[in-house]
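> The following block contains the structure, expressed as structure tokens.
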Amino acid sequence: MKPSITNMNGILVKYGNIKIALDPHNPQGVDVVFVSHAHLDHMYNVKSEVKVLTSAETAFLARERGYDLGETMDESSGFQLMDSGHILGSCGLLIGGEVFYTGDLALRPRAFLKRGKSVKCDVLIIESTYGMDHFLFPPLEKVLDEVNRLISDLFSRGIPVVLMGYPLGKAQVLSYLFSSWEPVYVHESVQRMNEAHAKMGIGLNNFVSYQEAKEKGLLMRKPWILISPVWSGRTNFIKGLKDRYNAVTVAFSGWSVEPSYKYAMGFDHAFPMSDHCDFDELVRFVKECNPKKVYTVHGFSSELASRLKKLGYDASPLLGSQRSLDESL
Ligand SMILES: [Zn+2]
């Protein structure tokens, strides 16, 4: 079957008689909507009777974030959801055993997250957030070792540490990976998502919230770790933590491979720990899927497509309503 694929309002796949919208913003006139994961750029309230394919975890996390995806299903004839390793519940979608959309993708097991799954397909639609060849991330163990050494050094001098990651996804990975330090406090937005993970059976410690720690005077007893959303060093919240407690900020993002990132954002430290593939992993994933045609979406889609062409693949960027290049929320 020859599918037609466009990227106007989200990605639209026409497969036989069926129109499937992949991570749309405002889907209209389609038969199936697929929501790959619960980051806010994929969230909306479903008003129509359209069939929404998503994982049970994504439907749950959406509700916890105040979105109603309507009646959802995590399986349907002709469709297969594939774990994409990006955040809890994130999936790619295999359509008719031929067309595979990755959604946001990560190939490194991290904390409670597994490697994203590849599958042989004819047409691959792959995300390309870090689709340029200088985006190469060190092994997770190396990053953890460096960060634990840094925390150890700061703690020995009584200096508190603010670990920053997006409230859904990265913050839970940080909550898991750095739980052996004491005490750890979490910002309320992180606490809400940690609790949602706990309800889904992910074993995360029940950390005291920042607000409670502040009210009880616990923050005066240094050092401590705070797991916080990503805020630039120029925000009042971070400035307050620095003025009052002399806290040091540590951000986690694939963008930290760019030397300017840490300075532009005003972070004290930044480490390349990502919920996306680095460049080599994107190429490896394409090889594993061995598609006849590759479409690249989001981020450095043109750059990744041209590199894949040099490797002998029929690859094109699927341009259109490009979403944020940021790692998302
Ligand atoms: Zn995402």
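The values are calculated or read from the model by the stated rules, or taken from the named source; none is laboratory data. These figures come from a predicted structure and were not determined experimentally. Please note: Cβ atoms are built from the backbone with ideal geometry, for glycine as well, and neighbour counts cover all protein chains shown.
> Quick one: in the stretch 55-70, of everything that is among the charged types (D, E, K, R), surrounded by fewer than 20 Cβ atoms within 10 Å (Cβ to Cβ) and touching a residue at least 12 places away in the same chain (Cβ under 8 Å), which residue is nearest to the ligand (Cβ to nearest atom)? Let's see the steps before the verdict.
Step one: of the stretch 55-70, the residues among the charged types (D, E, K, R) are 57, 63-65, 68.
From the residues that got through so far, the ones that are surrounded by fewer than 20 Cβ atoms within 10 Å (Cβ to Cβ) too are 63-65, 68.
Applying the additional criterion that residues be touching a residue at least 12 places away in the same chain (Cβ under 8 Å) yields 64-65, 68.
On the way: 64: 16, 65: 13, 68: 20 Å.
Applying the filter and picking the extreme gives 65.
> Here are some residues: 114, 170. Which one is outside the structural domain of residue 58 (by TED's automatic domain parsing), of a type in the set (D, E, K, R) and closer than 23 Å to residue 60 by Cβ?
Testing whether each residue is outside the structural domain of residue 58 (by TED's automatic domain parsing), of a type in the set (D, E, K, R) and closer than 23 Å to residue 60 by Cβ leaves just 170.
> Which residues, counting only those in the stretch 299-317, are of a type outside the set (A, V, I, L, M) and part of a helix (DSSP H, G or I)?
Passing the criteria: 301, 302, 303, 306, 307, 309, 310.
> With the condition kept exactly as written, say whether any residue in the stretch 318-327 is crowded, with 21+ Cβ neighbours inside 10 Å and assigned by TED's automatic domain parsing to the domain that holds residue 209.
No, because not a single residue in the stretch 318-327 is crowded, with 21+ Cβ neighbours inside 10 Å and assigned by TED's automatic domain parsing to the domain that holds residue 209.
> Follow-up question, since we're still on this one. In the stretch 209-226, what count of residues is obtained for those that are free of Cβ contacts under 8 Å to residues at least 60 places away in the same chain and more than 13 Å from residue 188 (Cα to Cα)?
Qualifying residue count for the region: 7.
> So, in the stretch 230-246, how many residues would count as being under 26 Å from the mean Cα position of the chain (by Cα) and either of a type in the set (Ser, Thr, Tyr) or closer than 16 Å to residue 158 by Cβ (or both)?
Total satisfying the criteria: 2.
> Do we find a residue being within 16 Å of the ligand (Cβ to nearest atom) and touching a helix residue (DSSP H, G or I) at 6+ places or on another chain (Cβ under 7 Å) anywhere in the stretch 150-166? Don't jump to the end; show me each part of the working.
Step one: filter the stretch 150-166 for residues within 16 Å of the ligand (Cβ to nearest atom), giving 165-166.
Next, from what is left, pick out any that are touching a helix residue (DSSP H, G or I) at 6+ places or on another chain (Cβ under 7 Å): 165.
Scanning the stretch 150-166, I find at least one residue that is within 16 Å of the ligand (Cβ to nearest atom) and touching a helix residue (DSSP H, G or I) at 6+ places or on another chain (Cβ under 7 Å), so the answer is yes.
> Within the stretch 71-98, track down each residue that is of a type outside the set (Ser, Thr, Tyr), more than 13 Å from the ligand (Cβ to nearest atom) and either part of a strand (DSSP E or B) or surrounded by 15 or more Cβ atoms within 10 Å (Cβ to Cβ) (or both). Let's see the steps before the verdict.
So in the stretch 71-98, the residues of a type outside the set (Ser, Thr, Tyr) come out as 71, 73-75, 78-83, 85-89, 91-98.
Now restrict to residues that are more than 13 Å from the ligand (Cβ to nearest atom): 71, 73-75, 78-83, 93-98.
Within the stretch 71-98, 73, 74, 79, 80, 81, 82, 83, 93, 94, 95, 96, 98 qualify.
> Could you list, in sequence order, all residues of the stretch 8-24 that are within 16 Å of the ligand (Cβ to nearest atom) and not aliphatic (A, V, I, L, M)?
Answer for the stretch 8-24, where residues must be within 16 Å of the ligand (Cβ to nearest atom) and not aliphatic (A, V, I, L, M): 10, 23, 24.
> Can you tell me which residue in the stretch 25-43 is farthest from the chain's Cα centre (by Cα), limited to those that are more than 15 Å from the ligand (Cβ to nearest atom) and in a loop (DSSP other than H, G, I, E, B)? Please lay out each step first, then the result.
Initially, the stretch 25-43 is screened for residues more than 15 Å from the ligand (Cβ to nearest atom), giving 26-33.
Checking the rest, the ones that are also in a loop (DSSP other than H, G, I, E, B) come to 26-31.
Values: 26: 21, 27: 22, 28: 26, 29: 29, 30: 26, 31: 27 Å.
Only one residue tops the list, namely 29.
> Being more than 16 Å from the ligand (Cβ to nearest atom) and outside any loop (DSSP other than H, G, I, E, B) is true for just one of 46, 52. Which residue is that?
Numbers: 46 fails: outside any loop (DSSP other than H, G, I, E, B).
Being more than 16 Å from the ligand (Cβ to nearest atom) and outside any loop (DSSP other than H, G, I, E, B) holds for just one of 46, 52, which is 52.
> Looking at residue 247 and the list (1) within 16 Å of the ligand (Cβ to nearest atom); (2) of a type outside the set (Asp, Glu); (3) at pLDDT 95 or above, which single condition is not satisfied?
Single failed check for residue 247: (1).
> Which fully enclosed strands (runs of 3 or more DSSP E) of the stretch 131-230 have 3 or more residues being surrounded by fewer than 21 Cβ atoms within 10 Å (Cβ to Cβ) and at pLDDT below 95?
In the stretch 131-230, there are no strands (runs of 3 or more DSSP E) which contain 3 or more residues that are surrounded by fewer than 21 Cβ atoms within 10 Å (Cβ to Cβ) and at pLDDT below 95.
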